[in-house]
1. Would the stretch 238-253 turn up any residue that is within 16 Å of the ligand (Cβ to nearest atom), open to solvent by less than 20 Å² (accessible area, probe 1.4 Å) and at pLDDT 95 or above?
2. Considering only the stretch 68-105, how many residues are within 30 Å of Ala464 (Cα to Cα) and open to solvent by less than 30 Å² (accessible area, probe 1.4 Å)?
3. I'd like to verify a number: residues in the stretch 218-231 that are away from the ligand (no atom under 13 Å from the Cβ) and in a loop (DSSP other than H, G, I, E, B), how many?
4. I'd like the full set of residues that are part of a helix (DSSP H, G or I) and within 13 Å of Ile116 (Cβ to Cβ), limited to the stretch 145-161.
5. Using the structure shown, decide if Asp422 is surrounded by fewer than 20 Cβ atoms within 10 Å (Cβ to Cβ) and under 25 Å from Pro336 (Cα atoms).
6. For the stretch 79-99, which positions are more than 15 Å from the ligand (Cβ to nearest atom) and either touching a helix residue (DSSP H, G or I) at 6+ places or on another chain (Cβ under 8 Å) or of a type in the set (A, V, I, L, M, F, W, C) (or both)?
7. Among the residues of the stretch 106-128, which ones are away from the ligand (no atom under 14 Å from the Cβ) and open to solvent by 20 Å² or more (accessible area, probe 1.4 Å)?
Amino acid sequence: MRAQSLSLLRTATRCSRARPHLISSLPARRALRLSSTSAPSKGERKWSTPLAQFLGQAITTTGPISVAAYMRQCLTSELGGYYTRTPTVGEDQFGTKGDFVTSPEISQVFGELIGIWLYAEWLAQGRKEKVQIIEVGPGRGTLMDDVLRTLSSFKRMTKSIEAIYLVEASPHLQKQQALRLAGTEELEKSEVGWKAKCKYFPDCDIQWCEDIRFVPKDETATPFILAHEFFDALPIHVFQNVPASSIPASSTIMTPTGPITPKHGPTAPGNQWHELVVSPTNPYASTPNLKPGEEKPDFEMTVSKSPTPHSLYLPRMSNRYKKLEKTDDAIIEISPESLSYVSDFAVRIGGSDGAASRPSKPGSAPAAKPVSTQDAPFKKAEASGAALILDYGTTDTIPANTLRGIRHHKAVSPFVAPGLVDLSADVDFLALAESALDASDSVEVHGPVDQSFFLATMGIKERAERLLKNAKDDETRVRLEIGWKRLVDRGPNGMGKLYKAMAILPYVEGKKVRRPVGFGGDIMG
Ligand code: SAH
């Protein structure tokens, strides 16, 4: 698992340049070609990976980049991102030989209970037709395999499944998923990306695409969406509240369109959110803090000296951030991409009247919204479907200093060996909930609850006991026993406590609130 106690508190240093740029793929390719054809001259800097070299060269040209741009490149760059590069033979991200283990990989019971959860929701919502099963970030396809196998016992429901969509950025993981769920790596081209017949329901296609926006949006469909350890892999922006005392009075203000001079002369500064940006470390500087055997990071995080376009609007999105405006040096992490994803989920379930253009609700900040897909109205005759989000993160506090690198099951600096190290950050569940509720008036949010509560009330103990009774040998018995207990472990770093579950469901005005199973409710049908 990736949620160890890995809070890497770093002291940010001040930096003089702050011109974050997202790197487009064309200069990226060119930079890589250039660097690969020129032999390193004597004294030239050595980078730990080709991706590090590309990023280093790009930053030298354009200036420091945001943590979000750094994360995006490290995880999904076509130039050797952690998920998108082709692993060498025998190499794997998942499992004991890889970098981390996730719940579906620990025990089949996890996916089976999620299958039961979907079935229970389908029953509770009156056995809808035109069901879409959607998973974002399916990894090796293990969770979906356990879910579909479980659902295959419920014929009424499986007949109503129109299509299964897997949103996956990694071409080699798409292949692993296909092998597992369709029994083949040979995928056919489809309108959204690729497709193959599902091995459990041959009448039903599994469709692969790279972004949720490619999954067809149908006002009459009932989408059931799963996101397990997906949001922690989405890029975050990091901001530090710089005290007024350290900001000189200035006669210009930086805006997203450039510097402007205020009509009323120099502004008296208050505290200001400044973005933490990423730039190369000085290769000649000594590194006294490095422990024996630790690699020297290629990059470091610094506080940008002046506001960036993101620091001017993201921290104004919610009153939760505004409340920290007077707290010197407070750090907040915001993931606009996560908010955009969860808004998309909410609209698919509840519909929208173009929520992004709606005025803010009373009490909420006059929000600048994240990049949104919700401007076009999407009218559902009846809200239907559900999203189940499982990940590690905070229940109600704002994550700070949670960016982490994981390699071979150990915490490492997120700035070593870019592309070879998994990067992730805590999920801000309350921000996800706010975003879902803002995006659609016809959804409600349940949780987050601890994974141990969710799984216990879904009947993990009873299910594990049944499997134990039928286990064919001692080895299977021990694996099952250790596995299910690990998922609900409530020790300080236990998965049952660190991981949370949150559900987005249809909301019907005037109807009695129904708690879903796993969140305090009972199975009904
Ligand atoms: N859900 C799986 C895998 C978690 S790892 C499990 O729990 O075992 C994160 C997954 O999200 C991987 O499949 C990775 O390739 C995918 N992913 C990461 N960033 C993505 C992005 N921006 N878009 C689509 N998929 C992404």
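The values are calculated or read from the model by the stated rules, or taken from the named source; none is laboratory data. Model, not experiment: these values are computed from the prediction. Note: ideal-geometry Cβ built from the backbone for every residue, glycine included; neighbour counts use all protein chains shown. The accessibility values were calculated without ligands, DNA or RNA, using every heavy atom of the protein model including side chains. Shrake-Rupley method; radii C 1.70, N 1.55, O 1.52, S 1.80 Å.
1. no
2. Count: 10.
3. The number of residues fulfilling the criteria is 4.
4. Of everything in the stretch 145-161, those that are part of a helix (DSSP H, G or I) and within 13 Å of Ile116 (Cβ to Cβ) turn out to be Asp146, Val147, Leu148, Arg149, Thr150, Leu151, Met157.
5. No.
6. Matches in the stretch 79-99: Leu79, Val89.
7. Result: Ile116, Tyr119, Leu123, Ala124, Gln125, Gly126, Arg127, Lys128.
Residues checked against (1) outside any loop (DSSP other than H, G, I, E, B); (2) open to solvent by less than 30 Å² (accessible area, probe 1.4 Å); (3) within 16 Å of the ligand (Cβ to nearest atom); (4) of a type in the set (Ser, Thr, Tyr):
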residue	(1), (2), (3), (4)
Arg140	no, no, yes, no
Leu143	yes, yes, yes, no
Ala163	yes, yes, no, no
Gln174	yes, yes, yes, no
Glu186	no, no, no, no
Glu191	no, no, no, no
Lys199	no, no, no, no
Pro216	no, no, no, no
